[in-house]
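Take this structure first; my questions come after.
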Amino acid sequence: MGSAKKLCNYAEMFNIVGAIFFTAFLAISVYVHPGFNVFSPNQSVSDLGRIGDSKGYIFNAGVIISSIFFFIGFTGYFIHSAEDTFRRLSAAVFFVSLIMFLCIGVFPKGTQYHNFFAISFFLISTIAMFLWCKSEIFHGNKILGILILSLTIASYGIYFNYHILGFAFAELFGGYVIILWMLLFKK
């Protein structure tokens, strides 16, 4: 197995572990917050890590730990994608997004900078995904590029209609579209 292929496999492993950590910490956070309602238009996922909440550290730790795994994973993808300008640019832009994701855990809801980091994470991730989709649609797997592009657009449709399905649901849908994209990045 070539070194580039091996590097990409390690990167994929770190992204999978990051996704598992995030999902596990999210599930534990929801469990210890019985009043949390994913379909409420008045609750966001960040409410699980709100400053002053005695159990908020669970969600925030999950965000911080998973972001570290994602950083390591995307370093491998960045190095491996050297031959494709849009994939490399996508990975570089996503590094900035991962800094925003890390800061969501460091600056929980209720702190001055939380909303900036949360909104920036989703917006910058969208830019990274659009760059990747452009590469896939024109130079790779067209169906995969169109699928991720469609899911990304759908996530914004859900977000702008959060009063129907709930704000936290919209965030989770968008967040898991990002995770799906991360796991498909190397394909």
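Take the residues of segment 138-164 that are small (Gly, Ala, Ser) and buried (at least 19 other Cβ atoms within 10 Å of the Cβ): which is nearest to the chain's Cα centre (by Cα)?
Narrowing segment 138-164 to residues small (Gly, Ala, Ser): 140, 145, 150, 154-155, 157.
Restricting the remaining residues to those that are buried (at least 19 other Cβ atoms within 10 Å of the Cβ) gives 145, 155.
On the way: Gly145: 17, Ser155: 12 Å.
In this case the residue turns out to be Ser155.
Out of contact with any Leu (no Cβ under 7 Å at 6 or more places or on another chain), touching a residue at least 24 places away in the same chain (Cβ under 8 Å) and farther than 19 Å from Asp47 by Cα: does that describe Phe101?
Working: out of contact with any Leu (no Cβ under 7 Å at 6 or more places or on another chain): yes; touching a residue at least 24 places away in the same chain (Cβ under 8 Å): yes; farther than 19 Å from Asp47 by Cα: no.
Criteria not met by Phe101.
Residues to consider are Ala92, Ala61; find the one that is within 20 Å of Leu123 (Cβ to Cβ) and either without any contact (Cβ under 8 Å) to a residue 60 or more places away in the chain or of a type in the set (Gly, Ala, Ser) (or both).
Numbers: Ala61 fails: within 20 Å of Leu123 (Cβ to Cβ).
Being within 20 Å of Leu123 (Cβ to Cβ) and either without any contact (Cβ under 8 Å) to a residue 60 or more places away in the chain or of a type in the set (Gly, Ala, Ser) (or both) holds for just one of Ala92, Ala61, which is Ala92.
Further, regarding this structure: How many residues does segment 69-86 contain that are of a type outside the set (Ser, Thr, Tyr), crowded, with 19+ Cβ neighbours inside 10 Å and touching a residue at least 60 places away in the same chain (Cβ under 8 Å)?
5
Select, from Phe101, Phe107, the only residue that is touching a His at 6+ places or on another chain (Cβ under 7 Å), of a type in the set (Phe, Trp, Tyr) and either at pLDDT below 95 or crowded, with 19+ Cβ neighbours inside 10 Å (or both).
Values: Phe101 fails: touching a His at 6+ places or on another chain (Cβ under 7 Å).
Every option except Phe107 fails the conditions.
Being hydroxyl-bearing (Ser, Thr, Tyr), buried (at least 21 other Cβ atoms within 10 Å of the Cβ) and touching a residue at least 12 places away in the same chain (Cβ under 8 Å): is that true of Ser135 here?
Working: hydroxyl-bearing (Ser, Thr, Tyr): yes; buried (at least 21 other Cβ atoms within 10 Å of the Cβ): no; touching a residue at least 12 places away in the same chain (Cβ under 8 Å): yes.
It is false that Ser135 is hydroxyl-bearing (Ser, Thr, Tyr), buried (at least 21 other Cβ atoms within 10 Å of the Cβ) and touching a residue at least 12 places away in the same chain (Cβ under 8 Å).
Would you please name the residue that is nearest to Ala61 (Cα to Cα), looking only at residues in segment 110-132 that are among the β-branched types (Val, Ile, Thr) and buried (at least 19 other Cβ atoms within 10 Å of the Cβ)? Spell out how you get there, then give the answer.
First pass over segment 110-132, keeping only residues among the β-branched types (Val, Ile, Thr): 111, 119, 124, 126-127.
Cutting the leftovers down to buried (at least 19 other Cβ atoms within 10 Å of the Cβ) gives us 124, 126.
Details: Ile124: 22, Thr126: 24 Å.
Only one residue fits best here, namely Ile124.
Continuing with this model, one more query. Is it the case, given these coordinates, that Gly157 is more than 20 Å from Ile58 (Cα to Cα), in contact with a Cys (Cβ under 7 Å, 6 or more places away or on another chain), in a helix (DSSP H, G or I) and small (Gly, Ala, Ser)?
Numbers: more than 20 Å from Ile58 (Cα to Cα): yes; in contact with a Cys (Cβ under 7 Å, 6 or more places away or on another chain): no; in a helix (DSSP H, G or I): yes; small (Gly, Ala, Ser): yes.
No, not satisfied.
Yes or no, residue by residue, for (1) part of a helix (DSSP H, G or I); (2) among the hydrophobic types (A, V, I, L, M, F, W, C):
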position	(1), (2)
Gly18	yes, no
Pro34	no, no
Val38	no, yes
Ile51	no, yes
Ile65	yes, yes
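Output the residues belonging to segment 165-177 that are part of a helix (DSSP H, G or I), in contact (Cβ under 8 Å) with a residue 60 or more places away in the chain and either crowded, with 22+ Cβ neighbours inside 10 Å or more than 8 Å from the chain's Cα centre (by Cα) (or both).
So the first thing to find is which residues in segment 165-177 are part of a helix (DSSP H, G or I), and the list is 165, 167-177.
Narrowing the set further to residues that are in contact (Cβ under 8 Å) with a residue 60 or more places away in the chain leaves 165, 167-169, 171-172, 175.
Matches in segment 165-177: Leu165, Phe167, Ala168, Phe169, Glu171, Leu172.
Take Asp84 and decide whether it is within 21 Å of Gly140 (Cβ to Cβ) and acidic (Asp, Glu).
Criteria met by Asp84.
Okay, next question. Could you give me the residue pairs with C-beta distances under 8 Å whose first residue belongs to segment 107-126 and is more than 18 Å from Trp181 (Cα to Cα), whose second residue is of a type in the set (Val, Ile, Thr) and in a helix (DSSP H, G or I) wherever it lies, and which are 6+ apart or on separate chains?
His114/Ile104; Phe117/Ile104; Ala118/Ile104
The values are calculated or read from the model by the stated rules, or taken from the named source; none is laboratory data. Note that this is a predicted model, so its numbers are computed, not measured. Glycine also receives a Cβ, built like all others from the backbone with ideal geometry; neighbour counts cover every protein chain displayed.
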